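For reference, the structure I am asking about is given below.
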Amino acid sequence: MKQFIYFFFPGLLFLLHSCSPASRSLELKPGMLITESVLIEPMEYAFNASESLDEPVLTIRGNDITVDFQGAILKGSNDRQWPDEFYGLAIRVADGSNITIKNLSVHGYKVAIMAENIDSFKLIDADLSYNYRQQLQSTREKEDLADWMSYHNNEQDEWLRYGAAIYMKYCDHAVLNNLRVTGGQNGIMMTHCNEGLFYNNTIHFNSGIGIGLYHSSRNRLMHNRLDWNVRGYSHGIYSRGQDSAGILCYEQSDDNIFAYNSATHSGDGFFLWGGQTYIQTGEGGCNNNIVYKNDFSYAVANAVEATFSKNQVIANQLNGSTYGIWAGYSYGSTFANNEIQNNTYGIAIEQGHENDIFNNHFVDNEVGIRLWERLEQPADFVFAQNKDVSSRTYQIEGNTFERNEVPLQINRSENLRIENNHFSSFRNLLASEDTDFDDGQLINNTVYQTIGLSGLAGFLELNSLISDPEQSIPFKLMEFPNPTEPLPDGMDVSLPDSQLKGRAYILINEWGPYDFRYPSCRLRGVDEDRYTFLLLGPVGNWRVVGGQGFEDINPKTGTFPATITAKRLEGAQDQALEFEFIGNEVINQFGKRYGKGTVVPFSFRE
């Protein structure tokens with residue numbers, strides 16, 4: 001593939017028109033304006049952009065246009081080395097309708113594509129990887145608060161400060177299909193975009209957001225791979241997330257469908273927040289969204305966060321996180337048929353009311369359901385002064401609780417109905433403070449043990465008690481109307497069996513999450529003078545070839561994954577281990593490729 005390097009000169013504009021897409025391929029020039037359908041010459045174009053996002057390298061504008069890049073590559077910031085130095089906008093698509101872009105790659109820009117004021121915009125088969133991302137300041141040992149992001153306001157396009165693979169504004173009826181985004185910060189970011197379809201996209205191993213919505217309603221996000229969009233985590237040391245998420249849904253984004261996606265190993269799997277308008281006025285929120293049959297497991301913070309709003313969270317996998325569902329100040333919501341396992345808290349709702357918790361399967365959580373109300377709200381929280389934020393009116397029915405330390409923790413809440421649930425293998429069935437249960441609230445439940453029932457007056461008369469702990473607990477999903485069928489061509493987004501899973505494999509360095517495509521040595525722990533390391537990478541063989549400050553390294557060769565140990569030499573001030581890998585193709589964290597059989601060095605240094 002040929003490569004041409006150009007520098008962008010503001011004010012220099014090439015106009016393309018009257019070119020039939022079937023007649024010839026066009027070679028791009030920086031500053032070009034495309035107004036009709038065309039084929040692009042499939043070369044690598046090294047175009048440095050203007051520093052300003054208002055001056056794109058390429059502009060596409062008009063109606064009924066298809067631009068087929070035929071595999072062409074646009075590469076920006078050729079005079080810069082690091083991703084946090086990347087600048088400029090590659091392509092702006094603006095002011096038109098029925099515009100389709102397909103078959104291109106864009107790397108090295110602050111924003112790869114910006115689409116504004118387009119009805120029926122389509123982006124198909126595009127690789128928008130390795131664009132802008134911040135350099136993270138947090139380390140394995142300590143979090144740096146400077147790494148926290150904020151998406152709470154975007155009225156003035158504040159989200160653009162973090163860059164994006166694609167940023168969309170006022171684009172209704174969009175279709176984005178088969179996009180690939182990795183090694184960046186944010187994937188698809190949209191504001192004021194309605195009735196779109198976003199499906200079969202792979203947006204993973206980025207340091208910010210997979211797909212983000214703001215003032216965007218009636219969209220469908222389906223069959224997307226959105227795993228490992230994460231920062232702010234060091235396994236066993238701190239667990240923060242820093243507002244990273246697989247899916248972000250903010251500020252009056254209503255009636256969307258989020259279904260059949262995988263957004264595991266992210267800061268939050270799904271992060272919905274009602275918005276600043278609702279907090280300030282009590283009007284708005286992000287309401288009536290359907291979150292259905294997704295996998296949001298292994299989140300740093302919350303598998304699902306859905307606050308200050310009313311929504312349906314149904315039939316999702318919510319495992320291995322701090323919170324399966326965090327839904328503070330939620331109301332009128334349904335949480336049903338979810339698999340909720342191995343979390344600190346299964347479902348936690350502060351100051352919620354009129355919520356239904358039906359037929360979920362709670363297994364091996366420290367607390368199954370936690371409901372509570374503060375003793376008092378902060379004096380400066382105007383929202384709580386103007387709205388009813390009491391914890392009340394819950395229907396908890398048909399759930400199964402297995403091996404939860406405390407299935408129910410309910411404090412300062414009223415008007416609860418807890419019935420037809422199954423409980424087994426718990427330490428204390430109900431931990432309650434300032435909440436009185438009358439004879440009509442805790443009824444028709446089945447309990448498969450006799451201990452842990454203290455303080456439940458009248459419980460034995462109103463519920464079934466089975467003392468045989470070996471008897472199996474029935475669990476059957478409730479019948480719910482299917483809110484959406486899978487798309488006929490929707491891809492299976494499940495992680496492959498060979499993929500290492502769990503929060504222990506959220507491994508973050510200064511540029512974001514590790515993606516398992518290059519050899520890596522990570523410190524796992526120190527016990528006195530004995531260091532333990534985790535080695536990961538592609539299929540192949542590694543060996544120790546050098547280092548300093550260590551002795552007694554064991555083993556010294558092997559395949560991935562591997563655990564090795566080394567003893568620090570007494571008095572050593574610097575420690576290093578040097579390795580070589582040979583095996584399958586390697587793609588490093590900046591997108592550089594090393595062919596199969598290439599000797600690839602890697603190291604650990606402290």
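Can you compute the modelled spin-label distance between residue 135 and residue 178, with each label point 7 Å from Cα toward Cβ, in nm?
With each label placed 7 Å out from Cα toward Cβ, I get 3.8 nm.
Can you pull a Stokes-Einstein diffusion coefficient for segment 415-529 at 37 °C (0.692 mPa s), Rh from Kirkwood over Cα pairs, as a whole number of µm²/s?
It diffuses with D of about 164 µm²/s by this estimate.
Hey, another quick one. How many percent of all Cα-Cα pairs in the chain sit more than 47 Å apart?
On the way: 39551 of 183315 pairs.
Of the Cα pairs, 22 percent sit more than 47 Å apart.
Can you pull the one-decimal nm distance between simple spin-label points at residue 497 and residue 587, each 7 Å off the Cα toward Cβ?
Going from the residue 497 label point to the residue 587 one covers 2.4 nm.
Next up: Would you kindly compute the Cα radius of gyration of segment 157-214 and its largest Cα-Cα separation (Dmax), both in Å?
Computed over the Cα atoms of segment 157-214, radius of gyration and Dmax are 10.8, 28 Å.
When the helix-only estimate is applied to the chain (DSSP H runs of n ≥ 4, each -39,500 (n - 2.57), divided by the residue count), what is the mean residue ellipticity at 222 nm, nearest 500 deg cm²/dmol?
Result for the chain, helices only: -500 deg cm²/dmol.
Does segment 153-297 come out rounded, prolate or oblate by the C-alpha gyration tensor, with a ≥ b ≥ c the root eigenvalues, rounded set by a/c under 1.5 and, if not, prolate when a/b is larger than b/c and oblate if not?
Values: a/c = 1.43, a/b = 1.19, b/c = 1.20.
Rounded.
Starting from the eigenvalues of the Cα gyration tensor, five times each then square-rooted, give me the equivalent ellipsoid semi-axes of segment 516-605, largest first, whole Å.
For segment 516-605, the ellipsoid semi-axes come out as 25, 12, 11 Å.
With a sphere of radius 11 Å drawn around the Cβ of residue 337, what net charge do the other residues whose Cβ falls strictly inside it have (Lys, Arg +1; Asp, Glu -1)?
Net of charged neighbours comes to 0.
Please name whichever of 547, 525, 537 sits farthest to the positive end of the charge dipole of segment 516-605, dipole taken about the Cα centre and charges placed at Cβ: Lys and Arg +1, Asp and Glu -1.
Value computed over the given set: 537.
Considering only DSSP beta bridges where both residues belong to the chain, give the percentage that are antiparallel (nearest 5).
Expressed as a percentage, antiparallel bridges in the chain total about 20.
Could you point to the residue in 311, 349, 229 farthest towards the positive end of the chain's charge dipole, with +1 and -1 charges on the Cβ of Lys/Arg and Asp/Glu respectively?
The Cα lying farthest towards the positive end belongs to 229.
Rule-of-thumb check for segment 373-454: C-alpha Rg over 2.2 N^0.38 Å?
For segment 373-454, the normalised Cα radius of gyration comes out at 1.28.
Also, I was wondering about something else. Would you work out the charge dipole size for segment 35-90 about its Cα centre, treating the Cβ of every Lys and Arg as +1 and the Cβ of every Asp and Glu as -1, and quote it to the nearest 20 debye?
Using Cβ point charges on Lys, Arg, Asp and Glu, segment 35-90 gives about 80 debye.
In what sequence do 142, 567 fall when counting other Cβ within 10 Å, fewest first? Provide the component values of the computation, followed by the final result.
On the way: 142 10, 567 15.
Neighbour counts put them in this order, fewest first: 142, 567.
Going Cα to Cα from residue 310, which lysines come in below 16 Å? Please leave out same-chain ones fewer than 8 positions away.
387
Same structure, new question: Charges at C-beta only: +1 for Lys and Arg, -1 for Asp and Glu. How large is the resulting dipole of the chain about its Cα centre, in Debye rounded to 20?
1980
Next question. Under a point-charge model restricted to the Cβ atoms of Lys and Arg (+1) and Asp and Glu (-1), what is the dipole moment magnitude of segment 516-605 relative to its Cα centre, in debye to the nearest 20?
Dipole size: approximately 500 debye.
Taking neighbour counts of Cβ atoms within 10 Å as a proxy for exposure, in what order, fewest first, do 307, 532, 450, 435 appear?
In increasing order of surrounding Cβ atoms, one gets 450, 532, 435, 307.
Pop the C-beta distance of residue 419 and residue 63 into the FRET formula with R0 = 51 Å and round what comes out to the nearest 0.05.
It comes to 0.30.
Every number here is computed from the coordinates shown, using simple stated rules; none is lab data. A quick note: this is a predicted structure, and the numbers were derived from the prediction, not measured. All Cβ positions, even for glycine, are placed from backbone atoms using ideal geometry, and neighbour counts span all protein chains on display.
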